[in-house]
Amino acid sequence: MQIIKIKFALLVDLGIIVVPENYIHGKCLEMFFKNNHKKLYDYNKEITDANFSHPSRILKPGDKLRVRAFRQIVSGSTTSQERMAFLSKQLGNIYVGAQGAALVFEQKRDQLSKGEWYSSFDEAKNLWEDSDGYHRLVNLNAYFDGLFEFSIGYLEGSWIDNFAFLGFSLFLNDTLNLGT
């Protein structure tokens, strides 16, 4: 008999976020930082529309997304592949990249547990590849003192338990769309 060790659990169900009607995919990160830079402790200047232009699911105005944050519940480290395998088992999971993390900040930051860094995963082929050949993804960092930061992590890296991760599911007419 094989024993399967559970490594991840729900940290917080953030509910539904709605992509604003004025959302333009090719300019959304530029506009996000223009509108929110004073609300952020810091952000990595490499998080640009050019570097993060090809998420698996490009959001459209009016899209409704259920967002949940998960955390690691085992000691030690886990890999991006383990986290993405867990996400792939979540009903209707989609990857929305940096753009999803920006929307979470704008609409749900007050619901995020402090002291956690929230990663928004995507497939390697859809992530920005830096000059060293590493695939980079966005982290939304929620510090204990209430400050927020946007940083970038490595898909190829390992993760410890204070690095939570975001899971997104597309909703249509208030029901989960399983065909995405």
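When restricted to residues that are closer than 14 Å to Ala101 by Cα and of a type in the set (Lys, Arg), segment 65-90 contains 2.
On the stretch given as segment 113-136, residues that are assigned to a strand (DSSP E or B) and either in contact with a Lys or Arg (Cβ under 6 Å, 6 or more places away or on another chain) or in contact (Cβ under 8 Å) with a residue 12 or more places away in the chain (or both) total 8. Within segment 107-125, the set of residues being surrounded by fewer than 19 Cβ atoms within 10 Å (Cβ to Cβ) and out of contact with any Phe, Trp or Tyr (no Cβ under 7 Å at 6 or more places or on another chain) comprises Gln107, Lys108, Asp110, Gln111, Ser113, Ala124, Lys125. Per the conditions (1) over 13 Å from Phe163 (Cβ atoms); (2) outside any loop (DSSP other than H, G, I, E, B), the sole criterion not satisfied by Asn139 is (1). Of all residues in segment 49-91, none satisfies the criterion of being exposed (fewer than 12 other Cβ atoms within 10 Å of the Cβ), under 15 Å from the mean Cα position of the chain (by Cα) and in a loop (DSSP other than H, G, I, E, B). Screening segment 142-156 for residues that are aliphatic (A, V, I, L, M) and not in a loop (DSSP other than H, G, I, E, B) and picking the one that is farthest from Lys45 (Cα to Cα) gives Ala142.
Scan segment 35-48 for residues that are part of a loop (DSSP other than H, G, I, E, B) and either among the basic types (Lys, Arg) or crowded, with 19+ Cβ neighbours inside 10 Å (or both) and jot them down.
As a first pass, look at segment 35-48 and keep what is part of a loop (DSSP other than H, G, I, E, B): 40-41, 44-48.
Across segment 35-48, the qualifying residues are Lys45, Ile47.
Residues that are part of a loop (DSSP other than H, G, I, E, B), modelled with pLDDT of 95 or more and more than 12 Å from the chain's Cα centre (by Cα) within segment 92-112 comprise just one, Leu112.
Kindly indicate whether any position in segment 170-180 is modelled with pLDDT of 95 or more, within 21 Å of Ile24 (Cα to Cα) and not in a strand (DSSP E or B). Before the answer, list the steps.
Here is the first cut: in segment 170-180, the ones modelled with pLDDT of 95 or more are none.
No, that holds for no residue.
Take the conditions out of contact with any Leu (no Cβ under 8 Å at 6 or more places or on another chain) and either aromatic (Phe, Trp, Tyr) or surrounded by 13 or more Cβ atoms within 10 Å (Cβ to Cβ) (or both) and apply them to Glu21. Does it pass? Criteria not met by Glu21. Residue count for segment 127-158, restricted to those that are within 22 Å of Arg57 (Cβ to Cβ) and surrounded by 17 or more Cβ atoms within 10 Å (Cβ to Cβ): 12.
Is one or more of the residues making up segment 117-133 of a type in the set (Lys, Arg) and farther than 19 Å from Leu65 by Cβ? For segment 117-133, residues of a type in the set (Lys, Arg) and farther than 19 Å from Leu65 by Cβ: present.
When you scan segment 92-103, how many residues do you find that are in contact with a Ser or Thr (Cβ under 8 Å, 6 or more places away or on another chain) and either of a type in the set (Asp, Glu) or buried (at least 23 other Cβ atoms within 10 Å of the Cβ) (or both)?
Going residue by residue through segment 92-103, those that are in contact with a Ser or Thr (Cβ under 8 Å, 6 or more places away or on another chain) are 92-98, 100-101.
Filter once more, keeping what is either of a type in the set (Asp, Glu) or buried (at least 23 other Cβ atoms within 10 Å of the Cβ) (or both): 96-98, 100-101.
Of the residues in segment 92-103, 5 are in contact with a Ser or Thr (Cβ under 8 Å, 6 or more places away or on another chain) and either of a type in the set (Asp, Glu) or buried (at least 23 other Cβ atoms within 10 Å of the Cβ) (or both).
Residue check: Phe32 meets all listed conditions (1) modelled with pLDDT under 95; (2) not in a loop (DSSP other than H, G, I, E, B) but one, namely (1).
The values are calculated or read from the model by the stated rules, or taken from the named source; none is laboratory data. Owing to the predicted nature of the structure, the values given are computational and were not obtained by experimental measurement. Quick reminder, even Gly has a Cβ in these numbers, built from the backbone with ideal geometry, and neighbours come from all protein chains shown.
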